[in-house]
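What follows is one structure encoded as structure tokens, with my remarks underneath.
The values are calculated or read from the model by the stated rules, or taken from the named source; none is laboratory data. Please read all numbers here as calculations on a predicted model, not as lab measurements. Reconstructed Cβ throughout: ideal geometry from the backbone, glycine too, with neighbour counts over all protein chains shown.
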Amino acid sequence: MATAKIRLYVEHPLGQGQSVPLNRDQAHYLFGVMRLSVGDAVALFNGRDGEWQAEVAEAGKRGGVLAVGAQSRDLQLPPDLWLMFAPIKKARTDFIVEKAAELGARCICPVQTNFTNAERIRQDRLQAHAIEAAEQCGGTFVPEVRELQKLSRLLDDWPDDRHLMFCDEALAGAAEALNGAGGDKWAILIGPEGGFSEVERARLRELPYSQAVSLGPRILRADTAAVAAMTLWQQALGDWS
Ligand code: SAM
């Protein structure tokens with residue numbers, strides 16, 4: 001079986017000899033957009049079983065079937081890093097989710113802070129962006145995009161063994177970095193366009209597991225800050241070095 005260039009995320013369990021039914025959207029993508037036909041190769045992953053090579057067994061307008069062959073890659077989990085961010089305008093929130101999936105977040109947690117404008121998010125749409133990002137970047141894991149939660153509630157129930165990289169715009173230009181940090185369970189926190197309130201800042205600074213960091217001398221947009229913070233963390237503590 002030729003090694004596939006096209007990758008598709010499926011919910012279905014994957015294993016040698018499995019038949020994977022395709023829904024209408026998947027059939028449209030493979031057969032309408034990518035012009036595949038019976039016998040062509042597709043790489044499948046489901047976020048749990050690694051990547052498997054498959055062949056088109058049946059191709060139709062409203063569905064189809066893929067026959068699973070050999071496994072081509074094991075599941076590669078990203079580090080245990082949550083990206084917590086305050087949703088901003090739709091397109092930029094989509095961007096944050098997409099980049100977090102590419103950059104190796106384990107979980108993506110939209111949070112409501114004092115100055116967050118968004119009252120709700122479309123969790124299903126954001127989850128689809130995370131899946132698309134994984135398909136594109138060759139990942140075998142798809143981070144969960146959680147429902148919008150109040151930051152205060154998350155902090156009330158914070159797990160003892162998880163560190164928090166608090167990206168504090170009030171530290172812009174300071175030398176506060178992730179130096180000397182340790183531990184393998186982390187979360188990054190990025191605030192909204194309006195930044196953090198003084199009450200939030202005081203609470204976050206007090207937390208024993210929290211480390212306030214600067215992302216340089218300039219004030220970054222929240223989407224830029226999310227990418228910068230994940231890059232810093234991955235380089236210092238993640239799976240990039
Ligand atoms: N309205 C805020 C202000 O003018 O200070 C800016 C908030 S910024 C658009 C959104 C988030 O990005 C901040 O809450 C923070 O988490 C992060 N951020 C942006 N620039 C940063 C910096 N230089 N250092 C640390 N965090 C930064």
Taking into account only those residues within region 60-74 that are within 22 Å of Asn23 (Cα to Cα) and of a type in the set (A, V, I, L, M), which is surrounded by the fewest Cβ atoms within 10 Å (Cβ to Cβ)? Ala67
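Here's the yes/no breakdown for (1) in the same structural domain as Lys99 (by TED's automatic domain parsing); (2) of a type in the set (A, V, I, L, M, F, W, C); (3) surrounded by 15 or more Cβ atoms within 10 Å (Cβ to Cβ); (4) over 27 Å from Asp157 (Cβ atoms):
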| residue | (1), (2), (3), (4) |
| --- | --- |
| Trp186 | yes, yes, yes, no |
| Leu189 | yes, yes, yes, no |
| Glu198 | yes, no, no, no |
| Arg201 | yes, no, yes, no |
| Leu204 | yes, yes, yes, no |
| Tyr209 | yes, no, yes, no |
| Pro217 | yes, no, no, yes |
| Leu220 | yes, yes, yes, yes |
Members of region 171-196 found to be of a type outside the set (D, E, K, R), near the ligand (Cβ under 10 Å from one of its atoms) and assigned to a loop (DSSP other than H, G, I, E, B), listed by number: Ala172, Gly173, Ala174, Gly191, Pro192, Gly194, Gly195, Phe196
Please give the number of the condition Asp168 fails out of (1) more than 15 Å from the ligand (Cβ to nearest atom); (2) surrounded by 20 or more Cβ atoms within 10 Å (Cβ to Cβ). (1)
Name the single residue, out of those in region 86-116 being among the aliphatic types (A, V, I, L, M) and part of a loop (DSSP other than H, G, I, E, B), that is nearest to Tyr9 (Cα to Cα). Ala105
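Results for (1) more than 18 Å from Ser72 (Cβ to Cβ); (2) at pLDDT 95 or above; (3) touching a strand residue (DSSP E or B) at 6+ places or on another chain (Cβ under 6 Å), shown as yes or no for each residue.
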| residue | (1), (2), (3) |
| --- | --- |
| Leu22 | yes, yes, yes |
| Gly32 | yes, yes, no |
| Val38 | yes, yes, yes |
| Leu44 | no, yes, yes |
Yes or no: Pro208 away from the ligand (no atom under 15 Å from the Cβ), touching a strand residue (DSSP E or B) at 6+ places or on another chain (Cβ under 9 Å) and in a loop (DSSP other than H, G, I, E, B)? no
